Structure formats: structure tokens, C-alpha cells
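Colleague: This structure is in C-alpha cells; I'll ask about it shortly.
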Amino acid sequence: MGETIFSKIIKKEIPAEIVYESDTVLAFRDINPQAPVHILIIPKIEIPTVREINGLEHASLLGEMYDAANQIAKDEGISENGFRLVFNCGDNGGQEVYHIHMHLLGGRQMQWPPG
Ligand code: 5GP
């Protein structure tokens, strides 16, 4: 699988506004925000889509991504009012970057169903 733009962000080869970093997870503001708070939470290892996630292998990594989302939501002041977490998968899911990423969206009322 080829490198994505997110690999370059992980290696700090291109800039991003990083809001959280650990040995295994990175989070940064989306370049084209769809809400007042729009942050992408990604693993540092390359996993192209949610289809490649294996519960046994990736359980702690996914747990850390959700812990990061909760911590960032608190830091951004959107935890209490609520927020949305989204993984897009593949063409029909609207995925553009093939390195899994959890969208953390908040700061406004979300609508349902999504487009
Ligand atoms: P997807 O459609 O794959 O679920 O979401 C990809 C997201 O990555 C989009 O919301 C898009 O705005 C964001 N994005 C794409 N390229 C960059 C970039 O170079 N920097 C940042 N910060 N976000 C990006």
C-alpha cells in the first residue's frame, strides 16, 4: 500500500496542527473543517481502511483512539454537549485518504441521516 498524506504528517514532513500525540496515535485538525471542531485521530501504523481492522490485533490501538477522542473532546470543550465520531470506509463510505482516521466533529448540532 502506498504512502498517504497522513504518513507525511506522522513523519512531520508536512505541517499539521497537532492536538494529541502518543507513541501509537496522532490527532490533528482537519484542513477542511466541517464543524467548529473537526479533528482527525489516526494510528501511526498504516491501516488503509476499517476493513483491515482485526479486533484481536488492534484492540488496544482502537481503545487508545477512543481515549484520545474523549480527552480531546474535553480539551476542546465539546464533551458535555456531545460530539460525533465517524470512520468513513471505502468509496461508498466517502473515504478519501486510505489511512484509517476517526473524525471527531463537534461544536454544533449534528444532523441525521448524514449525506
Ligand atoms: P475521509 O474523506 O477520507 O474520511 O477524510 C479525509 C479528511 O482528511 C478530509 O476531511 C480532509 O479534509 C482531510 N485532509 C486531507 N488532506 C489533509 C491534509 O493534508 N491535512 C489535514 N490536516 N487534513 C487533510
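The values are calculated or read from the model by the stated rules, or taken from the named source; none is laboratory data. Since the structure is predicted, the reported quantities are computational estimates derived from the model, not experimental observations. Glycine also receives a Cβ, built like all others from the backbone with ideal geometry; neighbour counts cover every protein chain displayed. With ligands, DNA and RNA removed, areas are computed over all heavy atoms of the protein, side chains included. Shrake-Rupley method; radii C 1.70, N 1.55, O 1.52, S 1.80 Å.
Colleague: Considering only protein heavy atoms and a probe of 1.4 Å, how much of the accessible area of region 5-106 is carbon and sulfur, as a whole percent?
Modeller: After summing per-atom areas, the C and S share lands at 48 percent.
Colleague: Follow-up. Based on the mean of other beta carbon atoms within 10 Å per residue, what is the order of 84-96, 67-79, 33-45, most packed first?
Modeller: 33-45, 67-79, 84-96
Colleague: Taking +1 at the Cβ of each Lys and Arg and -1 at the Cβ of each Asp and Glu, which of T24, I39, S60 sits farthest along the dipole of the chain towards its positive end, judged by Cα position relative to the Cα centre?
Modeller: I39
Colleague: If you put +1 on each Lys and Arg Cβ and -1 on each Asp and Glu Cβ, how big is the dipole of region 5-106 around its Cα centre, in Debye rounded to 20?
Modeller: 120
Colleague: Give the accessible surface of the chain per residue, rounded to a whole number of Å², with probe radius 1.4 Å and ligands, DNA and RNA excluded.
Modeller: 60
Colleague: Follow-up question, since we're still on this one. Quick one: divide the alpha-carbon radius of gyration of the chain by 2.2 N^0.38 Å and tell me what you get.
Modeller: Compactness ratio reported: 1.02.
Colleague: For the chain, take the longest principal axis of its alpha carbons; what is the angle in degrees between that and the long axis of helix 55-75, to the nearest 10 within 0 to 90?
Modeller: 40
Colleague: Which three semi-axes in whole Å describe the equivalent ellipsoid of region 1-66, each the square root of 5 times a Cα gyration tensor eigenvalue, listed largest first?
Modeller: Equivalent ellipsoid of region 1-66: 20, 15, 12 Å, largest first.
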